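The values are calculated or read from the model by the stated rules, or taken from the named source; none is laboratory data. Please read these numbers as outputs of a predicted model, since none were measured by experiment. Cβ placement follows ideal geometry from the backbone for every residue including glycine, while neighbour counts extend to all protein chains displayed.
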């Protein structure tokens, strides 16, 4: 018999991680005709999950939302009209539940788990059957829980603009060692591309090298790392793709690194804000494409999962794993940038 209550976290206010509240016996919504009840086994955290309780997320967030967009689990029960899944199937959540294929719309951008819709930081959750994908068969629960946001974002950055999709021999520039950057490194190497990675930590530099980075630049030792990255490319022509996670504070260097007709995919703004930002004219002067993106569609997710299985790619999960009850401590750990790759929560 399906459970009727679940442990779950909610965001109550904008006072930082103290706004996260745990309910030991929250009711599970009744299963609709096209709903799937999932027992969540693992969740991974994103920067977004840290800034929502701090009141710094620029998109919509509903009151008392269950946080978390990323999760992997087992189908426990299905509604009477569900055709895509059956009990026992292993599934992973789609970030924007309504983004099935093609471009985002004002409607589908408003279907983000852990923002406008209740998310994954709970033991049991119901989702529309269209908002789930099958879990790659080569991954465990923790690994699979990292795919919904960071992995799909990296995949979209490299393959989403189809006329500029990553090709063997291209050069990709990644920034830091967060989830999106590490996935971009893994996907690029699997595709036969070169990777130049930036970091400020010698320990993390060794890990980047271990996972295949061809060149590593310490951005604190060399603030002009964009020109150094360009100098490391064939004919010093520049990099083909920049996976831009820093935002305003790093865009100047990204523009110095990019080659003519290259693509800078703006993922986030973890570097903070700066008054000295490049202008649109800088994009013209560098003859490049600069695109903002928000995760990706279910169709892209399914394509990515095929590549993960075919290349036996395993997400990099931080050695420290927290349980559901210690979510606040996990957020502090990640906020202090103590993690490498994806930080995960073991639920059940």
- prompt: Restricting attention to the stretch 78-89, does a residue exist that is farther than 17 Å from residue 130 by Cβ and in contact (Cβ under 8 Å) with a residue 40 or more places away in the chain?
  reply: no
In the stretch 318-329, the residues that are surrounded by 14 or more Cβ atoms within 10 Å (Cβ to Cβ) and at pLDDT below 95: 318
- prompt: What are the residues in the stretch 165-204 that are modelled with pLDDT under 95 and either surrounded by fewer than 18 Cβ atoms within 10 Å (Cβ to Cβ) or part of a helix (DSSP H, G or I) (or both), if any?
  reply: 179, 180, 181, 182, 200, 201, 202, 203, 204
message: Being touching a strand residue (DSSP E or B) at 6+ places or on another chain (Cβ under 7 Å) and without any contact (Cβ under 8 Å) to a residue 60 or more places away in the chain is true for just one of 108, 116. Which residue is that?
response: 108
statement: When residue 16 is run through (1) out of contact with any strand residue (DSSP E or B) (no Cβ under 6 Å at 6 or more places or on another chain); (2) modelled with pLDDT under 95, the failure sits at (2)
query: Out of (1) within 24 Å of the chain's Cα centre (by Cα); (2) modelled with pLDDT of 70 or more, the odd one out for residue 287 is which?
result: (1)
message: When the residues of the stretch 226-246 are narrowed to those that are under 16 Å from residue 278 (Cα atoms) and touching a strand residue (DSSP E or B) at 6+ places or on another chain (Cβ under 7 Å), which ends up modelled with the lowest pLDDT?
response: 246
field: Matching residues in the stretch 316-338 - criterion: being within 16 Å of the chain's Cα centre (by Cα) and in a helix (DSSP H, G or I)
entry: 331, 334, 335
- prompt: Any residue at all in the stretch 330-340 that is closer than 23 Å to residue 132 by Cβ and surrounded by 14 or more Cβ atoms within 10 Å (Cβ to Cβ)?
  reply: no
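Can you confirm whether the stretch 300-315 contains a residue that is at pLDDT 95 or above, assigned to a strand (DSSP E or B), in contact with a helix residue (DSSP H, G or I) (Cβ under 7 Å, 6 or more places away or on another chain) and in the same structural domain as residue 145 (by TED's automatic domain parsing)?
no
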